Amino acid sequence: MPREDPSEAQTREELIDKQLRNSKWLEKYIKREVNPIKTEFKKRVYSVLRECEIEKGVDEFIDYALLSDDYSPLAIIEAKRYSADKEKGRIQARTYSKDVEKKSRLQNTHIPDERPQLGFH
């Protein structure tokens, strides 16, 4: 039964994770809840939520970092509840992208203008 307004957790599980599995993206190249403040992108050492202490007002977390075969960052996915303001999500993703670019020299960053049209099955 489709949900009219899935939560962020449901969006991750039922849309993003499902699409990553369907596209055969290997789990070892997916990092969830990456802290861009504490991650050493050049060294490919990722600090993730479950492995680090949180400093309130300092730490932030990228929902998904998709990695290349050498574990450098290729893409950032910012999950939001489906009814959330899409511009707020874009701004957050752009901010994270700029942080990652500064720390890793990631190039050719692109934030799509439109939200993908995904449905529940």
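The values are calculated or read from the model by the stated rules, or taken from the named source; none is laboratory data. This is a predicted model, so every value here is computed, not measured. Virtual Cβ from ideal backbone geometry, glycine too; neighbours counted across all protein chains shown.
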Read through the list (1) at pLDDT 90 or above; (2) under 14 Å from the mean Cα position of the chain (by Cα), then give the number of the only condition that THR11 fails. (1)
Checking the condition assigned to a helix (DSSP H, G or I), surrounded by 13 or more Cβ atoms within 10 Å (Cβ to Cβ), among the hydroxyl-bearing types (Ser, Thr, Tyr) and modelled with pLDDT of 80 or more, which residue from TYR64, TYR71, TYR96 passes? TYR96
Selected residue (criterion: modelled with the lowest pLDDT) from residues of the stretch 31-58 that are surrounded by fewer than 16 Cβ atoms within 10 Å (Cβ to Cβ) and not in a loop (DSSP other than H, G, I, E, B): GLU51
For residues that are farther than 19 Å from LYS43 by Cβ, under 13 Å from the mean Cα position of the chain (by Cα) and of a type outside the set (Ser, Thr, Tyr), tally how many sit in the stretch 92-104. 3
So the check is Cβ under 7 Å with 6+ separation or different chains; which pairs have a first residue in the stretch 25-46 that's in contact (Cβ under 8 Å) with a residue 60 or more places away in the chain and a second one that's surrounded by 14 or more Cβ atoms within 10 Å (Cβ to Cβ) and among the aliphatic types (A, V, I, L, M)? PRO36/ILE62; PRO36/VAL100; PHE41/VAL100
All positions within the stretch 41-83 that are aliphatic (A, V, I, L, M), farther than 20 Å from ASP17 by Cβ and under 17 Å from the mean Cα position of the chain (by Cα): VAL45
Those residues of the stretch 47-73 which are free of Cβ contacts under 8 Å to residues at least 24 places away in the same chain and either closer than 22 Å to LYS102 by Cβ or of a type in the set (Val, Ile, Thr) (or both), in sequence order: SER47, VAL48, LEU49, CYS52, ILE54, GLU55, GLY57, VAL58
